[in-house]
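**Student:** Got a structure for you, questions after.
The values are calculated or read from the model by the stated rules, or taken from the named source; none is laboratory data. The structure presented is a predicted model; accordingly, all values stated were derived computationally and were not measured. Note that we place each Cβ from the backbone using ideal geometry, even for glycine, and neighbour counts take in every protein chain shown.
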Amino acid sequence: MKLVDQKIVEKKMPARIMRNNLFKGIFFIATCFGLVVLAVLLYRIFTQGIGYLNMDFLQNLPSRRPEQAGVKTALIGTIWLMGVIAPVSLFLGVGTALYLEEYAKKNKFNDFVKVNISNLAGVPSIVFGLLGLTVFARALALGNSVLTAGLTMSLLVLPVIIVASQEAIRAVPRELREASYGMGATKWQTIVRVVLPAAIPGILTGGILALSRAIGETAPLLVVGIPLFIAFTPTSIFDTFTVLPMQIYNWTSRPQEEFHAVAAAGILILLVLLLLMNSIAVIIRNKFQKRY
C-alpha cells in the first residue's frame, strides 16, 4: 500500500486553503445579500403599512375607499381555510407516511408510489387548482367554498408532509421499536406510543413548511373560483370566502397609491398570522424534542 507523500500534501495545502476561503467568502456574500434584500423589503412594507394598522383595519370590511378598507373578511376566511387544511393534510400525510414506512412491503410498486409522491412536490400549484376545480368544485358540486379550497390546498401540501413524515419516522432508532416489542406491545401500540412521539419534531417541521406555503398560495384559489372581493364573512365550510393573499393582490392591482399602503398593512397581518402559527408548532416540536 502506497503511503501519502507528505511533501505533496504540504505543497497543495495553500491552494486548498485559498479555495476554501474563496468559497466561504462567496457563500457569506450570498447570505448577506439575501438578508439585506429581505431587510429592505420588510422595512419598506413596515413603513408603508404601519400607518393603517389599527383595530378599525382589523374590523372593517373591504371598501373602495382606502381609508375605510379592512381585512376582516380575508382574515376570517384565512383562518377558516387553515382550519380545513391543517387537520386534513396532517391526518392524511402522516397516515400515508406511517403506512409506507411501517406497514407497506418493500416491492417495486411501493417504491414507485414513493418516488411519485416526491415528484408531486414539484408540480405547479395551478395544476392542483385545476384538479380541485374538476373534482371538488364541479364533480362534487361544492362550488367555490371553504371546503373546496381547503381540500385543494391540502392536496397541494400533502407531498411535503408525507416526505417529511417519512424521513422523521425513518429516523426513529430501531432499538426503540424493539424495546417496545420486547415489553409485549403490539405494532399499533408501538407506533402510537413510541414511533409517533419520537417522530413528531420532524413531522411538525414538515407541517410548518407545508402550511406556510399553503397560507400564501393564490393560484389554486383563483382557479377554483375564489373571489377577490366579498363583503361578508364565512360562517361555515360551505360558504364563499376570500383570503389575505388574494385581498392583498386585489389592493396592489389598484392604481391608487393609498391602496398600496393598505396592501402593505395586509402583508404585515399575514406575516403576524404566519409567525403565530409557526410559533405554536415550534413550541410543540420543542416540547417533544426535550422528551425524546
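**Student:** Can you give me the ranges of the helices (runs of 4 or more DSSP H) entirely in segment 122-228 with at least 3 residues that are surrounded by 20 or more Cβ atoms within 10 Å (Cβ to Cβ)?
**Tutor:** 125-132, 146-170, 196-216, 219-224
**Student:** Sticking with this structure for a sec: Would you be able to tell me the number of residues in segment 109-118 that are surrounded by fewer than 13 Cβ atoms within 10 Å (Cβ to Cβ) and either touching a residue at least 24 places away in the same chain (Cβ under 8 Å) or outside the structural domain of Leu209 (by TED's automatic domain parsing) (or both)?
**Tutor:** 0
**Student:** What's the number of the only condition in (1) modelled with pLDDT under 90; (2) touching a strand residue (DSSP E or B) at 6+ places or on another chain (Cβ under 6 Å) that Phe238 fails to meet?
**Tutor:** Against the list (1) modelled with pLDDT under 90; (2) touching a strand residue (DSSP E or B) at 6+ places or on another chain (Cβ under 6 Å), Phe238 comes up short only on (1).
**Student:** Which of (1) under 24 Å from Thr78 (Cβ atoms); (2) at pLDDT below 90; (3) touching a Ser or Thr at 6+ places or on another chain (Cβ under 8 Å) does Ser145 not meet, given it meets every other one?
**Tutor:** The failed condition is (2).
**Student:** Go through segment 250-267 and count every residue that is part of a helix (DSSP H, G or I) and surrounded by fewer than 18 Cβ atoms within 10 Å (Cβ to Cβ).
**Tutor:** 4
**Student:** Please give the number of the condition Phe232 fails out of (1) surrounded by fewer than 17 Cβ atoms within 10 Å (Cβ to Cβ); (2) outside any loop (DSSP other than H, G, I, E, B); (3) of a type in the set (A, V, I, L, M, F, W, C).
**Tutor:** (2)
**Student:** Give me a count of the residues in segment 128-166 that are hydrophobic (A, V, I, L, M, F, W, C) and without any contact (Cβ under 8 Å) to a residue 40 or more places away in the chain.
**Tutor:** As a first pass, look at segment 128-166 and keep what is hydrophobic (A, V, I, L, M, F, W, C): 128, 130-131, 133, 135-137, 139-142, 146-147, 149, 151, 153, 155-158, 160-164.
Applying the additional criterion that residues be without any contact (Cβ under 8 Å) to a residue 40 or more places away in the chain yields 131, 135, 139-141, 155.
Matching residues across segment 128-166 total 6.
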